[in-house]
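Here is the structure we will look at, set down as structure tokens.
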Amino acid sequence: LKSPQIKNIILIGESGHELAKKFHDSRFTLVESLEDAVNQALTKARQSATTDRDNILLMSPAAASFDMFKNVYDRGDQCKLLISNL
């Protein structure tokens, strides 16, 4: 988390709330769903693209998400569907 190259961190679910409470990082954005996370990530990437040409947008689970998805496959399928519809 201390890397200056990481500009934004978008959090969802129970774990997201816990991380936001514990670390109080100004780069955190807490959203309510995976769809909100994908949209927020795209918005932030587009905003920084005007000043930073070498952006990487990484979608990665940081913790289990039993509170939001049936299983890891459901989470992956939903993520792929959201991204393919951009």
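Put simply, the amide H of L11, placed in the peptide plane, has neighbours under 5 Å in T29, L30, V31, leaving out anything fewer than 5 places away on its chain. Electrostatic bookkeeping for I10 treats Lys and Arg as +1 and Asp and Glu as -1; over the other residues with beta carbon under 12 Å from its beta carbon, the sum is -1. In segment 1-44, the portion of solvent-accessible area held by carbon and sulfur atoms comes to 51 percent [1.4 Å probe, whole percent, DNA, RNA and ligands not counted].
Qualifying GluC sites (Glu not before Pro) in the chain, where qualification requires a DSSP coil assignment and no more than 15 other C-beta atoms within 10 Å, comprise E32. Heavy-atom accessible surface of segment 46-86, averaged per residue, reaches 90 Å², computed with a 1.4 Å probe.
If you wrap the chain in the convex hull of its Cα atoms and look at it from every side, the mean projected area works out to 5.9 nm². Under a Gaussian network description of the chain, with springs only between Cα atoms under 10 Å, the residue in D25, D54, D74 that fluctuates furthest is D54. Per residue, the average separation of C-alpha pairs within less than 8 Å and at least 6 apart gives segment 1-75 a relative contact order of 30 percent.
The values are calculated or read from the model by the stated rules, or taken from the named source; none is laboratory data. Note that this is a predicted model, so its numbers are computed, not measured. No Cβ is skipped: glycine too gets one built from the backbone with ideal geometry, and neighbour counts run over all protein chains shown. Ligands, DNA and RNA are excluded from the accessible area calculation, which covers all protein heavy atoms including side chains. Shrake-Rupley method; radii C 1.70, N 1.55, O 1.52, S 1.80 Å.
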